[in-house]
Amino acid sequence: GSLDRAGLSPALAVMVHKDNPLQTLSMAQLASIFGHSSDGSVDVRTWGQLGLRGEWANRTIRAYGPMAESGTGKFFRMMVLADSNRMNWENLAEFEDPVSARAVDDSGARIATALASDPQGIALGNLQFQNPSVKVLAVRDGQAGAHLPTRENLIERRYPLTREVWAYVHPDIDPQVKAFLDYVLSPA
């Protein structure tokens, strides 16, 4: 995948409004925000449930993201919600990608714009559309430390929402194609 290129399977960035004091989230917290639990655990619907206090404690979390059935939406559901469709539909605004692959009105741009005007929002998007009114959160998976979606963290697979791109070849591959692929996959 890529770091910040829409249409090229970018890593999924978790963003909040720049005024939000939150710095990190776990994958379990993301699941509790964007989904509905089926195991009796608590669904997270306010910022106070994530540890924010004062004026933030009782604010409702409003979520923004790509369509659940888009490629990015399916990736998120697979990685965070264990491929569940039990989403927090009451507080989720979905953004559809344009029909034309050449359109510049990417859903990621509209998601970042919506988040920029909503201090109570949290969004799933990509870094290409990050703007000064939003900030990217570090994400942790399990006991591992929290990581931002940086080039290094994607390459080293430390960032939990890194996407992979797979290529398949026929077992009876042409020797020249095999030599090329061996080179592509080598440290050189």
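The values are calculated or read from the model by the stated rules, or taken from the named source; none is laboratory data. The model shown is predicted, which means the values in this text are computed figures rather than measured ones. Note that we place each Cβ from the backbone using ideal geometry, even for glycine, and neighbour counts take in every protein chain shown. Each accessible area value is taken on the protein alone, full model and side chains, heavy atoms only, with ligands, DNA and RNA left out. Shrake-Rupley method; radii C 1.70, N 1.55, O 1.52, S 1.80 Å.
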Can you tell me which of Arg151, Arg140, Arg157 is touching a strand residue (DSSP E or B) at 6+ places or on another chain (Cβ under 7 Å) and at pLDDT 85 or above? Arg140
Can you find a residue that is polar (S, T, N, Q) and part of a helix (DSSP H, G or I) anywhere in segment 77-85? no
Boolean, Arg53 is open to solvent by less than 20 Å² (accessible area, probe 1.4 Å), basic (Lys, Arg) and more than 23 Å from Ala116 (Cβ to Cβ): no
Tally up the residues in segment 154-186 that are in a loop (DSSP other than H, G, I, E, B), loosely packed, with under 10 Cβ neighbours inside 10 Å and more than 17 Å from the chain's Cα centre (by Cα), please. 8
Just one of Pro149, Pro160 is closer than 21 Å to Gln29 by Cα, out of contact with any Ser or Thr (no Cβ under 8 Å at 6 or more places or on another chain) and in contact (Cβ under 8 Å) with a residue 24 or more places away in the chain; which is it? Pro160
Residue that is of a type in the set (S, T, N, Q), modelled with pLDDT under 90 and within 24 Å of His147 (Cβ to Cβ), where the choices are Thr24, Thr72: Thr72
Conditions (1) over 14 Å from the mean Cα position of the chain (by Cα); (2) open to solvent by 50 Å² or more (accessible area, probe 1.4 Å): number failed by Asp106: (2)
Could you identify the single residue in Phe76, Phe95 that is closer than 24 Å to Arg5 by Cα, open to solvent by less than 20 Å² (accessible area, probe 1.4 Å) and aromatic (Phe, Trp, Tyr)? Phe76
With respect to Gly48, is the statement that it is open to solvent by less than 30 Å² (accessible area, probe 1.4 Å), free of Cβ contacts under 8 Å to residues at least 24 places away in the same chain and not charged (D, E, K, R) true? yes
